[in-house]
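In what follows, a single structure is set out as structure tokens and then discussed.
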Amino acid sequence: MNIVERFLNYTKFDTQSAEESETVPSTAKQLVFAKYLKEELEKEGLEDVEMDDKGYIYATLPANIKENVPTIGFISHYDTSPDCSGANIKPRIVENYDGADIQLSEGITMTTKKFPELLLHKGEDLIVTDGTTLLGADDKAGIAEIVQAMVFLKEHKEIKHGKIRIGFNPDEEIGMGAHHFNVEKFGCQWAYTMDGGDIGELEFENFNAASAKITIKGVSVHPGYAKNKMVNANRLAVEFAAMLPADETPETTEGYQGFYHLIGMQTNTELGKLSYIIRDHDREKFEQRKRFIKQCAEAMNEKYGDGTVIADVSDQYYNMKEKIDPQMHVIDLVLHAMQEVGVSPKVKPIRGGTDGAQLSFKGLPCPNIFAGGLNFHGPYEFVPIQSMEKAMNVIVKICELTAGYND
């Protein structure tokens, strides 16, 4: 089975996760794919293949050298985003893409004007959707690349490598993927998530992240007799939102710039609820943002009375850079591997988070490498086959280079 066949098989499974769920994994359908994947790993001859009751899969490719070299790992998630349907995916291969707009289905076209990144892959073979679902390259492309790399290494025993561990998990798309990942059982000195975007991307900086739940308690009184009595939570919710900087939102920021993002609002006269996410690469600025949210609540309480506005701020994850910086050999190996297989590295910060960020803070340094897909979480998602093949080659080369690594 080649990497394309493997990936296309994976897209047949609907593995969409669900934010509102309290189970692990968040959807039962993820376990259907997890069982299939476990059986596939066993058929491919990997060792120590196991799946726990939460759907976390671990497996081993044994070392083929006697030297004592580091055990490293590769990790991908198998859930797809709640933002777009992952059911009945109908992938199609556009061979030798000519640079024109791509008609996905009747009335649905992926244009180069809206998606100029298409033009960077002219002459390549693109796997696209039919425009009604996402594709699932995030992150089934990563899984296909890891499995194919392990199969390649098994078949090419002349490539020397140490012990390699692989891990696949649910619920990354809802921020829960690393929560139940057993780092101790995984047993690696370091690892890599294959969960990045376009070819060459390498990420070891991500946002510090927090959530803020704002609760506004109003007082409902008949509007004809409301003077000096009514506290309108609808209006106070708008007032609170207006206190945050208008030029520090996702729509107005890029690169290392942080933001406040209003992701939900439910209000009536008596009760208002606002949900924010807070993001910043810089830890000090991150802490300042959290304090500012609370200061806004305090200012409104001074104006409308104690307890009118409650701000509940909770940290979600932190910038992995502070854990990677002391172990830059982990990054140097990837840069070397990319150069060896003809990939130009593109080191960039993640304007988001990965399982690797949380894993790094659990004691497993874990930067993020490209898996090749683009336009994630929507019907215009696509992945160049050549990018998947290059990602697989990078994995193989990292394993080979690690065999010669001296601490």
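For region 203-249, name all the residues that are among the charged types (D, E, K, R) and in a helix (DSSP H, G or I).
ARG235, GLU239
Just the residues that are surrounded by 17 or more Cβ atoms within 10 Å (Cβ to Cβ) and at pLDDT 95 or above, please, taken from region 15-30.
THR15, GLN16, SER17, PRO25, SER26, THR27, LYS29, GLN30
Looking for whichever is of a type in the set (Gly, Ala, Ser) and surrounded by fewer than 20 Cβ atoms within 10 Å (Cβ to Cβ) here; the options are GLY373, GLY363. Which one fits?
Step by step, each of GLY373, GLY363 is checked, and only GLY363 is of a type in the set (Gly, Ala, Ser) and surrounded by fewer than 20 Cβ atoms within 10 Å (Cβ to Cβ).
Evaluate region 300-318: report whether one residue or more is touching a strand residue (DSSP E or B) at 6+ places or on another chain (Cβ under 7 Å), farther than 16 Å from PHE204 by Cα and without any contact (Cβ under 8 Å) to a residue 60 or more places away in the chain.
Yes; the residues of region 300-318 include at least one that is touching a strand residue (DSSP E or B) at 6+ places or on another chain (Cβ under 7 Å), farther than 16 Å from PHE204 by Cα and without any contact (Cβ under 8 Å) to a residue 60 or more places away in the chain.
Would you point out which residue out of ARG283, ARG289 is buried (at least 19 other Cβ atoms within 10 Å of the Cβ), basic (Lys, Arg) and either at pLDDT 95 or above or closer than 30 Å to ILE199 by Cα (or both)?
Among ARG283, ARG289, only ARG289 is buried (at least 19 other Cβ atoms within 10 Å of the Cβ), basic (Lys, Arg) and either at pLDDT 95 or above or closer than 30 Å to ILE199 by Cα (or both).
Could you check region 268-301 and list, in sequence order, the residues that are part of a strand (DSSP E or B) and of a type in the set (Val, Ile, Thr)?
ILE277, ILE278, listed by residue number.
Only one residue in ASN232, ASN182, ASN169 is farther than 22 Å from GLY55 by Cβ and either outside the structural domain of ILE93 (by TED's automatic domain parsing) or modelled with pLDDT of 95 or more (or both), so which one is that?
Sole residue among the options that is farther than 22 Å from GLY55 by Cβ and either outside the structural domain of ILE93 (by TED's automatic domain parsing) or modelled with pLDDT of 95 or more (or both): ASN232.
Would a scan of region 363-375 turn up a residue that is touching a residue at least 60 places away in the same chain (Cβ under 8 Å) and out of contact with any strand residue (DSSP E or B) (no Cβ under 9 Å at 6 or more places or on another chain)?
Yes, that holds for at least one residue.
The values are calculated or read from the model by the stated rules, or taken from the named source; none is laboratory data. Remember, it's a predicted structure, so these values are computed and weren't measured experimentally. Reconstructed Cβ throughout: ideal geometry from the backbone, glycine too, with neighbour counts over all protein chains shown.
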